[in-house]
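The values are calculated or read from the model by the stated rules, or taken from the named source; none is laboratory data. Bear in mind that the values here come from a model prediction, so they are computed numbers and not experimental data. With ideal geometry, Cβ positions are generated from the backbone for all residues, glycine too; neighbour counts draw on all protein chains shown.
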Ligand SMILES: Cc1ncc(COP(=O)(O)O)c(C=O)c1O
C-alpha cells in the first residue's frame, strides 16, 4: 500500500479525539501526565561481533602515522620516518588532466578504460615486457589488486621475510595462510630459492599446498633489490612446484642507480608471473588510488584475468574514471613526467643514502639502500645497552622512539620478522618539508641535504641516535 505522504494528491494527515493519531490541524495536542505515553523499552544493545577473517588490526604504517599526528596536534616535535609515502607534490600536468576529466561520471569497463590499458601496456613494453592492452587490469590502487589476486588464487602463498606489511595480512583476510620464507642473502624482496623449495615441499604434505609466491622488486622494507640470479632461482622453484609468481614492481622506477641490473620474473617465467605497479610511489599519487596488473600469457593468465575481473566487478566496479584518464597520461610518460620521476629518484636516493650514513656513523648495521625511500638499520649491536634501558624487542624500541623522541619508525615485526629482531624500517621521504613549496624546492635543489627541513631532520636523527646509543 502506498504511504499517504508519498502521494501529493492525498489529503494531509490530521489527528482527532476519536483517533489518537489524528488531531484537528488547528488545535495543538494537549498532553497531561495521565496521557503521557510510557517511554519505549530500551532497545537491546548491539552484541559484540563474531570472530571473522576481518579481525586484522589497522595496517602498521597507517597506525604509526596516526600516532605521530596525535603528537603533532599537541604541539610536540616529530620526526616522521614511519610512513612510506613518496613526499613530493602532484605534478601540475596530472592535476590539470584530472580536473579536465572530472566530467567523466560513468563507471566504465571493469578492467579499466581502453586509454589507460593501452598506456600501461606501452609502459611495460618500454621496460622489456611486451604487453597487449588486453593483458592489463586496472584497479583502485595496487593494494586492492594484490588482495583480489590472492582471493583469485585462493590458496596459501609464500612471502619473503621481511616483506611489505600488507601481503600477509591480505592473505589472512582471504582465508588462506601466508608462509614466511627467508629472503635471499644478496638482496631483499625475493625468497631464498632453497628455503622456498623446502617450505613448498612441506606444504604439500600438509594438505594445504602453497600455490603462489610474492616478490617485491625493488623491496620494501629493505630498500634493496634482489639480483637477477636470485630472480632466476625463484622462477625455477616456481616452475618446479607450479606456483603463480606475483611480482610487485611498484618501486621499479625508483632504483637509485639506473645501471643496477633489474630482472623481472615476468621475463623469465612469463606464463606464470603477474606484475603489479602503480603511480603511488614514482609520482607520489597514493591518494589517487590507481594501480595496474599485467596478467601472464597463456591459459593461466586468461583464467586469472577472468577471475580478477569477477572480483573487481563485485567490489570496486571500475577505478575512478577521471583518475584513469590522468593515469593514462602518466603511464604514457611524456617528457615532463619523465623528468619529474627522474628528479624524485635522485632526491630519494640522496636522502636515503644520507639517512643510512647517519645510522652507520652512529654504529648501526644496515644494507646499503639501492631503491625507493627506505633504510633498514639493525639496532642489534646495541641490544645489551638497550636492555639496560628496558627495551628488549623491536616493537618496544619503536614505541620508545615515538614516546621519547617523536621518531616514527616501523619495527621489523611489522614485516614478518620476530619481535626479538631489533631492525627498524625508516621511511625517508616525509622529511622534504611540510609544504608543497618546500617539497618542490627539494626536487630541484642541487644539494637537497642543505635545505632546512632535510638538514634539520638529519641532525635530529643523529642527535636521537647519539642519545639512545651506548
Ligand atoms: C611494496 C608495496 N606494494 C604495494 C603498495 C600499495 O600501493 P598502492 O595501493 O598505493 O598502489 C605499497 C604501498 O606502500 C608498497 O609499499
Pairs, first closer than 15 Å to residue 231 by Cβ in region 175-194, second surrounded by fewer than 16 Cβ atoms within 10 Å (Cβ to Cβ), C-beta under 8 Å, six or more apart: 186/229; 191/182; 192/182; 192/185; 193/236
Hits in region 297-319 - residues which are surrounded by 14 or more Cβ atoms within 10 Å (Cβ to Cβ), modelled with pLDDT of 95 or more and outside any helix (DSSP H, G or I): 316, 318, 319
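Looking only at region 269-288, decide whether some residue is within 16 Å of the ligand (Cβ to nearest atom), assigned to a helix (DSSP H, G or I) and surrounded by 22 or more Cβ atoms within 10 Å (Cβ to Cβ).
Our first condition is that a residue be within 16 Å of the ligand (Cβ to nearest atom); within region 269-288, this holds for 273-288.
Remaining after also requiring assigned to a helix (DSSP H, G or I): 286-288.
Remaining after also requiring surrounded by 22 or more Cβ atoms within 10 Å (Cβ to Cβ): 288.
The answer is yes, given that some residue of region 269-288 is within 16 Å of the ligand (Cβ to nearest atom), assigned to a helix (DSSP H, G or I) and surrounded by 22 or more Cβ atoms within 10 Å (Cβ to Cβ).
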Residues of region 244-268 classified as away from the ligand (no atom under 16 Å from the Cβ) and either closer than 25 Å to residue 337 by Cα or touching a helix residue (DSSP H, G or I) at 6+ places or on another chain (Cβ under 7 Å) (or both), total: 9
Any hit, region 62-71, residues being over 22 Å from the mean Cα position of the chain (by Cα) and assigned by TED's automatic domain parsing to the domain that holds residue 342: yes
Residue 76, sole failed condition from (1) crowded, with 21+ Cβ neighbours inside 10 Å; (2) out of contact with any helix residue (DSSP H, G or I) (no Cβ under 6 Å at 6 or more places or on another chain); (3) in a loop (DSSP other than H, G, I, E, B): (1)
Residues within region 117-129 that are assigned to a loop (DSSP other than H, G, I, E, B) and touching a helix residue (DSSP H, G or I) at 6+ places or on another chain (Cβ under 8 Å), tallied: 3
Qualifying residue in region 160-173 (condition: touching a residue at least 12 places away in the same chain (Cβ under 8 Å), in the same structural domain as residue 233 (by TED's automatic domain parsing), away from the ligand (no atom under 16 Å from the Cβ) and buried (at least 18 other Cβ atoms within 10 Å of the Cβ)): no
Strands (runs of 3 or more DSSP E) contained in region 132-247 and holding at least 1 residues under 30 Å from residue 322 (Cα atoms): 136-139, 210-216
Scan of region 130-155 for residues that are touching a helix residue (DSSP H, G or I) at 6+ places or on another chain (Cβ under 8 Å) and on the phi > 0 side of the Ramachandran plot, ordered by number: 141
